[in-house]
Amino acid sequence: MLSGSVTSSAEPDTRCSGGGNYFINEGVAYRPSPAPAIKCTGDVVLDSSVVSIAANAFWGLSGIRTMVLPANLTTISSYAFNAASSLVSISIPSSVTSIGTNVFSGTISLATFEVSSQNQNFTAFNGALFNKTKTILIAYPAANSQTSFVIPSSVTTIASTAFLGATNLKSIVIPNSVTTIGDSAFSGTTSLTSISIPASVTSIGSSVFDSASSLTSIVVDSANLYYTIIDAGLFNISKTLLLAFPIKSSQLSFTLPNSVTRIESEMFRNAKSLKSIILGSSLGFIGNNAFNGDASLTTISIPRSVTSIGTRAFYATPALTSINVDANNPIYSSSSGVLFDKSKETLIAYPAANSTKNFTIPATVNEIAEVALAGAKLLASVILEPGNSSYVIENGVLLNSERSELLFYSRANIDSTFTVPSSVTEISQDAFLNAFNLNEFKVSSTNITFLSDAGVLFDIDHEILVAYPSGNTSSTYILPATVISVGTNAFASSQFTTLVISDQTEISIFSDSGLLSTVRVLTATQYSAEIKAAADKAAADKLAADKAATDKLAADKAAADKLAADKAAADKAAADAKAAADKLAADKAAADAKAAADKLAADKAAADKAAADKAAADAKAASTKKLITITCVKGKVSKKITALKPVCPSGYKKK
């Protein structure tokens, strides 16, 4: 049978509906090495002549959406569809008699398995793929929407990668019939919160709970004779092997038993709460990425027994201030909390939270390990001890002596732009992390490895985004459509809040980019729609605002008119009231005047009548009384006055 490593010079037929092709040789569908440049995409119907799918045949072909298998197919070899990340459905015909290991691992879009009811070797149940008797759970579809899954009580084996990437599952019930759990069986079950291992389990593979980022606890039945729990960790019963640690456990400290000799790769990766991990005296091996991403780990001590530390073991541990090595360790040493080999020729790891602002690289150092200085958030600059001939520092930039590798850019550098020298062909990961004064990359015109586009650093082919300047304060970044890969932590200290990608760009290229979870990622179509919606809204808002302004002007005029009308009415009412009051006053005055005149006339008439009556009375009285005559003199003049009671005029005297 042909495998994925077959080399062929045959011209392939174009067989995939969305473009691209696959090869067939004597009924075997395969991918040659090197693989064709045009990858198979779209809805694929395998040729009816295919009876076997070779190992890795469609591995990593993320453009395949559906796959129709021919009626004569008998064999699907290992990893055949591994990482075919867009595959949403597949139906296994009755003819299939053999399915290899990890065939569907990494098919993160697959929602269900369908198996012909006539198939005598395999079946589907509740969306998952089993052998016919349901004793082996082969694969669970990663994109199935179920949040819980109860494994049938007939199952004895959970195959390797069976639940790999099943991100929706919060609960998985393992029955007491299961004896074997394969490698990476529950790896990437990011919603799984807890799991119980029954007494029946006798074998558990490696990396079984890797990247189960919500796992808070693992429980082992007390009757299990092969496994146990110590400090939340899963161990074999003799406590010589640590198999798993639930990375979202709330436990703050963990003590490794002295009987354990190995910490496997990624064992404590992304453990969120652990501040302290005490390593046992028999520990000899620390695997790759063993403590990578441990957010709370502050210090760690390496015992004398450790003889091997894997790559990136302490990478991305933001709270780590020091790594201390037992002075009697024959392989490793430490100085000021920094990890070296024994002879200090290799700088292995610089703790991210080490308080040293200016670090001096010893003269003995001739190698700086991958990501050794990555994430050193407080480190402002590096200094070379006199005598170090392996490295140079130019303008705050650490380079190897050949000036071909750029290892560290000083955070204390105040320049807003940096030009990558022509000699540089390699840039270390995180070299520009947290360089917040830097807002633009430039590249020497003679550099044949890198280029700059809009101040962002790319490889010369414009396919890999190498570094994004931390000091760029733009809120939106539009990724060029040519980009197919983004460097690790390239966006770790970026400040944009919206990332625009082409409609064809796969979101998976950002998995290690350090892109903040708060950043909105939009396709070009979505962005255009959003821009149009924003423009439409702005236009609608302006129209509404203009109408509101017009309405307000009209309302203000109406209000003013009403106010004027009300004032005019009020003024008229006041005038009418005043006129009425004036008329009333005038009428009253006239009435008062008439009354006064009438009274005066009446009084005069009465007085006249009284005077007349008196005169008449006096006359009558006079007629009845005797008049008296007197003589009044004034000098030589004399007058006679006759009256009832005569009186001399003024100036006259009675004689």
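The values are calculated or read from the model by the stated rules, or taken from the named source; none is laboratory data. Please read all numbers here as calculations on a predicted model, not as lab measurements. FYI the Cβ positions are ideal-geometry reconstructions off the backbone, even for glycines, and counts take in every protein chain you see.
Residues are listed down the side, and each one gets a yes or a no for (1) at negative phi; (2) touching a Ser or Thr at 6+ places or on another chain (Cβ under 8 Å); (3) of a type in the set (A, V, I, L, M, F, W, C):
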site: N82; (1), (2), (3): yes, yes, no
site: S89; (1), (2), (3): yes, yes, no
site: I92; (1), (2), (3): yes, yes, yes
site: S98; (1), (2), (3): yes, yes, no
site: T101; (1), (2), (3): yes, yes, no
site: G106; (1), (2), (3): no, yes, no
site: S109; (1), (2), (3): yes, yes, no
site: V115; (1), (2), (3): yes, yes, yes
site: F122; (1), (2), (3): yes, no, yes
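Scanning segment 446-461 turns up no residue that is assigned to a strand (DSSP E or B) and not assigned by TED's automatic domain parsing to the domain that holds P480. Within the option set G100, G127, being small (G, A, S) and more than 19 Å from T180 (Cβ to Cβ) holds for one residue only, G127. The single condition among (1) farther than 24 Å from F209 by Cβ; (2) at pLDDT 95 or above; (3) surrounded by 21 or more Cβ atoms within 10 Å (Cβ to Cβ) that I90 does not meet is (2).
For segment 388-435, a residue qualifies if it is part of a loop (DSSP other than H, G, I, E, B) and of a type in the set (D, E, K, R), and the qualifying residues are E402, R403, R411, D415, D430.
Taken over segment 58-91, the residue count meeting the criterion of being under 32 Å from the mean Cα position of the chain (by Cα) and more than 14 Å from S109 (Cβ to Cβ) is 1. Taking the options Y315, Y350, Y332, name whichever one is more than 24 Å from S381 (Cβ to Cβ) and aromatic (F, W, Y). Result of the check over Y315, Y350, Y332: Y332. Of all residues in segment 216-231, none are among the small types (G, A, S), closer than 23 Å to S308 by Cβ and either part of a loop (DSSP other than H, G, I, E, B) or without any contact (Cβ under 8 Å) to a residue 40 or more places away in the chain (or both). Scanning segment 488-502 for residues that are polar (S, T, N, Q) and not in a loop (DSSP other than H, G, I, E, B) yields a single hit, T498. Residues in segment 275-292 that are of a type in the set (A, V, I, L, M) and part of a loop (DSSP other than H, G, I, E, B) were compared, and the one that is surrounded by the fewest Cβ atoms within 10 Å (Cβ to Cβ) is L279. Within segment 325-363, the set of residues being surrounded by 17 or more Cβ atoms within 10 Å (Cβ to Cβ), touching a residue at least 12 places away in the same chain (Cβ under 8 Å) and in a strand (DSSP E or B) comprises V325, Y332, S334, V338, L339, F340, T346, L347, I348, A349, F359, I361. Residue check: G20 meets all listed conditions (1) touching a strand residue (DSSP E or B) at 6+ places or on another chain (Cβ under 7 Å); (2) at pLDDT below 75; (3) at positive phi; (4) not aliphatic (A, V, I, L, M) but one, namely (1).
For segment 276-295, the count of residues that are hydroxyl-bearing (S, T, Y), farther than 22 Å from S259 by Cα and in contact (Cβ under 8 Å) with a residue 24 or more places away in the chain is zero. When the residues of segment 62-77 are filtered to those that are in contact with a strand residue (DSSP E or B) (Cβ under 9 Å, 6 or more places away or on another chain), free of Cβ contacts under 8 Å to residues at least 40 places away in the same chain and not in a strand (DSSP E or B), the one that is farthest from S160 (Cα to Cα) is P70. Scanning segment 424-447 for residues that are farther than 21 Å from A369 by Cα and among the hydroxyl-bearing types (S, T, Y) turns up S444, S445, T446. K272 meets the conditions (1) surrounded by fewer than 17 Cβ atoms within 10 Å (Cβ to Cβ); (2) touching a residue at least 40 places away in the same chain (Cβ under 8 Å); (3) of a type in the set (D, E, K, R) in every case but one. The failed one is (2). Annotation for segment 133-143: at least one member residue is in contact with a Gly (Cβ under 8 Å, 6 or more places away or on another chain) and over 22 Å from S95 (Cβ atoms). Taking the criterion of being within 13 Å of S89 (Cα to Cα) and among the polar types (S, T, N, Q), the only residue of segment 39-74 that qualifies is T66. Contact annotation: residue pairs with Cβ atoms under 8 Å, 6 or more positions apart or on different chains, pairing a residue in segment 414-431 that is farther than 24 Å from Y315 by Cα and touching a residue at least 12 places away in the same chain (Cβ under 8 Å) with a partner that is of a type in the set (D, E) and not in a loop (DSSP other than H, G, I, E, B), are S416/E440; T417/E440; F418/E440; V424/E405. Looking only at residues in segment 495-537 that are among the hydroxyl-bearing types (S, T, Y), farther than 21 Å from G63 by Cβ and surrounded by 14 or more Cβ atoms within 10 Å (Cβ to Cβ), the one that is nearest to the chain's Cα centre (by Cα) is T498. Does segment 472-480 contain any residue that is surrounded by 19 or more Cβ atoms within 10 Å (Cβ to Cβ), out of contact with any His (no Cβ under 8 Å at 6 or more places or on another chain) and part of a strand (DSSP E or B)? Checked against the condition, which is being surrounded by 19 or more Cβ atoms within 10 Å (Cβ to Cβ), out of contact with any His (no Cβ under 8 Å at 6 or more places or on another chain) and part of a strand (DSSP E or B), segment 472-480 yields at least one hit.
Of all residues in segment 295-307, count the ones that are small (G, A, S) and touching a Lys or Arg at 6+ places or on another chain (Cβ under 9 Å). Let's see the steps before the verdict.
Residues of segment 295-307 small (G, A, S): 295-296, 301, 305.
Of the ones still in play, those that are also touching a Lys or Arg at 6+ places or on another chain (Cβ under 9 Å) are 295-296.
Final tally of qualifying residues: 2.
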